[in-house]
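The values are calculated or read from the model by the stated rules, or taken from the named source; none is laboratory data. Since we're looking at a predicted model, the values are computed, not measured. So basically every Cβ, Gly included, is an ideal-geometry build from the backbone, and we count neighbours across all protein chains shown.
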Amino acid sequence: MTPETETESETRTAIRVVVADDQALVRSGFTMILTAAGMEVVGEAADGEGALAATRRLRPDVVLMDIRMPGMDGLEATRRLLATEPTTTAGQPTRVIILTTFDLDEYVYAALRAGAGGFLLKDVTPGHLVHAVRLVRDGDALLAPGITRRLIDRFAGPSRVREADLAALTAREREVLVLLARGLSNAELAAELHLGEATVKTHVARILAKLGLRDRVQAVIFAYETGLVTPA
């Protein structure tokens, strides 16, 4: 799915966002882009502690989190925030997108392990930023182009300890996990498998529950770590 093909469901309500970055101009720029797209920036923060406080108080749908901030950085703030399983005002999980000028693999892996739903570089276009927020709000995973392959090349490798967990999955669930790890969205999974999106969401939810994973990002990591999916 591309930024030009958003569904009506993605715009059914205003997405509430908290923007955390130590540069005021960056915060203003993101706020202008998101507001112009019909989203509501409910809060801003200049450091990790401020991001934690704002998120817990305002309960947004998505947090745009910079990595390098004074005091508590974005990675630590993300770890602490998601460890408490925060929810939105509608009772859904709050999602975190890491935004940074640095695409170091260690940052990417640490952010995903912490539970971030996406990782984007700050040179992302306005259209893709808006698309990313909508995608992650709806539970999909998102990585900046070029980051995924390096992440896989560096960290992928069969883990016998976790391979045993695959036995808990049905054949269909394995099929869904493989396609999910290839980067397909729910809509694309539904089209590929000739299923309804509601059915796909049910399969994904069962996969996460059986494997004890927080979200789709961790499911992707699991698929590569166990060798279920290998780099092309």
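Would you be able to say whether some residue in the range 52-65 is surrounded by fewer than 16 Cβ atoms within 10 Å (Cβ to Cβ) and in a loop (DSSP other than H, G, I, E, B)?
So far as the range 52-65 goes, no, none of its residues is surrounded by fewer than 16 Cβ atoms within 10 Å (Cβ to Cβ) and in a loop (DSSP other than H, G, I, E, B).
Kindly check whether there is at least one residue in the range 89-96 that is charged (D, E, K, R) and either surrounded by fewer than 17 Cβ atoms within 10 Å (Cβ to Cβ) or not assigned by TED's automatic domain parsing to the domain that holds residue 131 (or both).
No: the range 89-96 contains no residue that is charged (D, E, K, R) and either surrounded by fewer than 17 Cβ atoms within 10 Å (Cβ to Cβ) or not assigned by TED's automatic domain parsing to the domain that holds residue 131 (or both).
Within the set of pairs 6+ apart or on separate chains, which have a first residue in the range 200-211 that is within 13 Å of residue 172 (Cα to Cα) and assigned to a helix (DSSP H, G or I), a second that is at pLDDT 90 or above and of a type outside the set (A, V, I, L, M, F, W, C), and C-beta atoms under 6 Å apart?
203/173; 207/173
Filter the range 9-51 down to the residues that are part of a loop (DSSP other than H, G, I, E, B) and farther than 25 Å from residue 91 by Cβ and list them by number.
21, 22, 23, 46, 47
Specify the residue that is surrounded by the most Cβ atoms within 10 Å (Cβ to Cβ); the eligible residues are those in the range 121-135 that are part of a helix (DSSP H, G or I) and among the aliphatic types (A, V, I, L, M).
So the residue we want is 133.
Could you check, for the range 86-94, whether at least one of its residues is under 25 Å from residue 221 (Cα atoms), out of contact with any strand residue (DSSP E or B) (no Cβ under 7 Å at 6 or more places or on another chain) and in contact (Cβ under 8 Å) with a residue 40 or more places away in the chain?
Checked against the condition, which is being under 25 Å from residue 221 (Cα atoms), out of contact with any strand residue (DSSP E or B) (no Cβ under 7 Å at 6 or more places or on another chain) and in contact (Cβ under 8 Å) with a residue 40 or more places away in the chain, the range 86-94 yields no hits at all.
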